[in-house]
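Have a look at the structure below, then the notes.
The values are calculated or read from the model by the stated rules, or taken from the named source; none is laboratory data. This one's a predicted model, so the numbers in the text were calculated from it and none came from an experiment. Reconstructed Cβ throughout: ideal geometry from the backbone, glycine too, with neighbour counts over all protein chains shown.
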Amino acid sequence: MAILLSYSERDPVPGGCNLEFDLDIDPNIYLEYNFFETTIKFAPANLGYARGVDPPPCDAGTDQDSRWRLQYDVYQYFLPENDLTE
């Protein structure tokens, strides 16, 4: 079974405002952790745009028509510890 999702030019582009990772558009999530904390790093999304058109600038203004209107939700889930049953 396959499900097709069509995206319009109004949908955000994940990782479209990448300024620090290797790819031009980087939709990946990077996790770094140690004994005390876990850090999530990701490139922010950009507003959608039509094919063949230059993308909106990532660093121009913070008004409602810029990428700053996008919101992110982060959830965490704690797995049970020391439960080796199947």
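Filtering segment 64-86 to residues that are among the hydrophobic types (A, V, I, L, M, F, W, C) and part of a loop (DSSP other than H, G, I, E, B) leaves Leu70, Val74, Phe78, Leu79, Leu84.
Only one of the numbered conditions (1) surrounded by 11 or more Cβ atoms within 10 Å (Cβ to Cβ); (2) touching a residue at least 12 places away in the same chain (Cβ under 8 Å) is violated by Glu20, and that is (1). If we scan segment 4-24, do we find a residue that is among the aromatic types (Phe, Trp, Tyr) and in a loop (DSSP other than H, G, I, E, B)? Yes, segment 4-24 contains at least one residue that is among the aromatic types (Phe, Trp, Tyr) and in a loop (DSSP other than H, G, I, E, B). The residue that is surrounded by the most Cβ atoms within 10 Å (Cβ to Cβ), among those in segment 29-59 that are in contact with a strand residue (DSSP E or B) (Cβ under 7 Å, 6 or more places away or on another chain) and of a type in the set (S, T, N, Q), is Asn46. Please verify whether Ala60 is more than 21 Å from Ser6 (Cα to Cα), in contact with a Pro (Cβ under 8 Å, 6 or more places away or on another chain) and either at pLDDT below 90 or not hydroxyl-bearing (Ser, Thr, Tyr) (or both), treating the condition exactly as stated. No, not satisfied. Going by the conditions given, is Gly52 at pLDDT 85 or above and in a loop (DSSP other than H, G, I, E, B)? Here the answer is yes, as Gly52 does meet what is asked. Checked against (1) more than 17 Å from Pro12 (Cα to Cα); (2) touching a Gly at 6+ places or on another chain (Cβ under 7 Å), Phe78 meets all criteria but (2).
Quick check on Thr85: is it of a type in the set (Val, Ile, Thr) and either over 16 Å from the mean Cα position of the chain (by Cα) or surrounded by 13 or more Cβ atoms within 10 Å (Cβ to Cβ) (or both)? Here the answer is yes, as Thr85 does meet what is asked.
Of the numbered criteria (1) without any contact (Cβ under 8 Å) to a residue 24 or more places away in the chain; (2) not in a loop (DSSP other than H, G, I, E, B); (3) not aromatic (Phe, Trp, Tyr), the one Gly61 fails is (2).
The residue that is farthest from Tyr77 (Cα to Cα), among those in segment 17-48 that are modelled with pLDDT of 85 or more and of a type in the set (Phe, Trp, Tyr), is Phe42. Apart from one condition, Ile40 fits all of (1) aliphatic (A, V, I, L, M); (2) part of a loop (DSSP other than H, G, I, E, B); (3) in contact (Cβ under 8 Å) with a residue 24 or more places away in the chain; the exception is (2).
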